[in-house]
Protein chains: 2
Amino acid sequence: MSLTLHNFFRSSTSTRLRVALNLKGLDYDYVAYVLRKGETRTAKYLAINPQGLVPSLEREDGRVMNQSLAIMEWLEEVHPNPPLLPKDADGRARVRAIAYMIACEVHPLNNLRVLGYITDKFGADETAHKEWFTHWVAMTFDALEVMLDRDSETGDFCHGDEVGLADICLYAQVWNNRRFAIDTAQWPTIAGIFNRLDAIAAFRDAAPPNQPDAV
Amino acid sequence: MSLTLHNFFRSSTSTRLRVALNLKGLDYDYVAYVLRKGETRTAKYLAINPQGLVPSLEREDGRVMNQSLAIMEWLEEVHPNPPLLPKDADGRARVRAIAYMIACEVHPLNNLRVLGYITDKFGADETAHKEWFTHWVAMTFDALEVMLDRDSETGDFCHGDEVGLADICLYAQVWNNRRFAIDTAQWPTIAGIFNRLDAIAAFRDAAPPNQPDAV
């Protein structure tokens, strides 16, 4: 199966997919888009992804898939090993809930288009961007730290000692946090998990600074 | 199985879960929280949900589940009939992608805590709230209308002629849009799907105005 990943090195949702593809042992062609230059807003790219967002995953049969979480669930169904979700329904619900805490509560508020919009509408400067970004990270990471520290299911990683969907979202978000120099050490359980993930090649190789378009 | 839904009539993510539980034919006890009064920020509720968000689903065995999307995937696994996702992997990816377009790109930007924060930080008034809310709805709904109109998979509902996860998220978001009087008719495919959903008891009974705490 030949796969083409339309993405951007610094995009957190792109990082998620790179990790997932690496974990599943799937090769892909890397096509980079510079968001600030509007390269995802061209007619050609909008035909691939009407939202004008990265990432998209293009398959050999021409089908294009959007939304990183949907693509990761598809990868899990089509390439079940190694698994990104536990076998039991309760475990799967817990892993997905952690993934969605990040994917639905943190990332959507902190991406480039939102930061651009608060500048356009409210004159937000770089200091206000940092305050905005940090606020939404802390609101969810504070709660996530409580949950991870409390739950017996937490192991070396978010759920037991095998990596999965929650770890992928966590890893990508911590990299995103570094844009605003947010210190992960204030959340010791999260920091420990991140450090263990960062020692795994499938994660490390997917990190923003290790991509061909990194600047 | 006895289920308790901790929720709020106007919360879009609560509406999703009410629809899903109705479609699965599962009864639940309804416990209402008034967000503006801080009723989800009490020590008692934070023990249930460290994020201080609704909805949470509490089970007879005491386990509490968070994040509406994770709970709906769990419902689908534990109570597979009637299904909320198609049988084929491509169809499942498409349905999830539509659901996440709404759950990850629209709703997170437009909930109460974000509107409150742009008032605190930037002095946004009711007019600015409407502009903010409308901007993020239109950005995704414009793209979603293109996709739904273009894709041969679209039927009476988002994916074929059976309702599912994408329809649930769409239905809840359109109700949310009414808070700011956004006219769905500007997206004719979406409007047609919404009207057909609104004629189904499992959806209609879950709508905000039909809840015991509706004001």
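Tabulated values for the structure
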| item | result |
| --- | --- |
| Some residue of the range B:109-124 being out of contact with any strand residue (DSSP E or B) (no Cβ under 6 Å at 6 or more places or on another chain), more than 29 Å from A:Ile71 (Cα to Cα) and of a type in the set (Ser, Thr, Tyr) | yes |
| Residue within the range B:132-141 that is among the aliphatic types (A, V, I, L, M), open to solvent by 10 Å² or more (accessible area, probe 1.4 Å), out of contact with any Lys or Arg (no Cβ under 7 Å at 6 or more places or on another chain) and over 30 Å from B:Lys24 (Cα atoms) present | yes |
| Subset of the range A:28-47 [buried (at least 18 other Cβ atoms within 10 Å of the Cβ) and either in a helix (DSSP H, G or I) or within 14 Å of chain B (Cβ to nearest Cβ) (or both)] | A:Leu35, A:Thr40, A:Tyr45 |
| Given (1) within 13 Å of chain A (Cβ to nearest Cβ); (2) free of Cβ contacts under 8 Å to residues at least 60 places away in the same chain, number of the condition B:Asp183 does not satisfy | (1) |
| The range B:187-204, subset in contact (Cβ under 8 Å) with a residue 40 or more places away in the chain and out of contact with any helix residue (DSSP H, G or I) (no Cβ under 6 Å at 6 or more places or on another chain), residue surrounded by the fewest Cβ atoms within 10 Å (Cβ to Cβ) | B:Ala201 |
| Subset of the range A:176-190 (residues that are among the aliphatic types (A, V, I, L, M) and more than 16 Å from the chain's Cα centre (by Cα)) | A:Ala181, A:Ile182, A:Ala185 |
| Checking A:Gly52 against (1) open to solvent by 40 Å² or more (accessible area, probe 1.4 Å); (2) at positive phi; (3) small (Gly, Ala, Ser), the condition it does not meet | (1) |
| Members of the range A:68-104 found to be closer than 22 Å to A:Ser56 by Cα, among the acidic types (Asp, Glu) and either open to solvent by 30 Å² or more (accessible area, probe 1.4 Å) or within 8 Å of another protein chain (Cβ to nearest Cβ) (or both), listed by number | A:Glu73, A:Glu77 |
| Any pair with Cβ under 6 angstrom, 6 or more apart, that starts in the range B:105-120 at a residue that is facing chain A (nearest Cβ under 7 Å) and ends at one that is β-branched (Val, Ile, Thr) and buried (at least 16 other Cβ atoms within 10 Å of the Cβ) | B:Glu105/B:Thr140 |
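The values are calculated or read from the model by the stated rules, or taken from the named source; none is laboratory data. Given the structure is predicted, the values throughout are model-derived calculations rather than measurements. Here the Cβ is made from the backbone with ideal geometry for all residues, glycine too, and neighbour counts use every protein chain on show. Ligands, DNA and RNA are stripped out before the accessible areas are found, and what is left, the full protein with its side chains, is counted by its heavy atoms. Shrake-Rupley method; radii C 1.70, N 1.55, O 1.52, S 1.80 Å.
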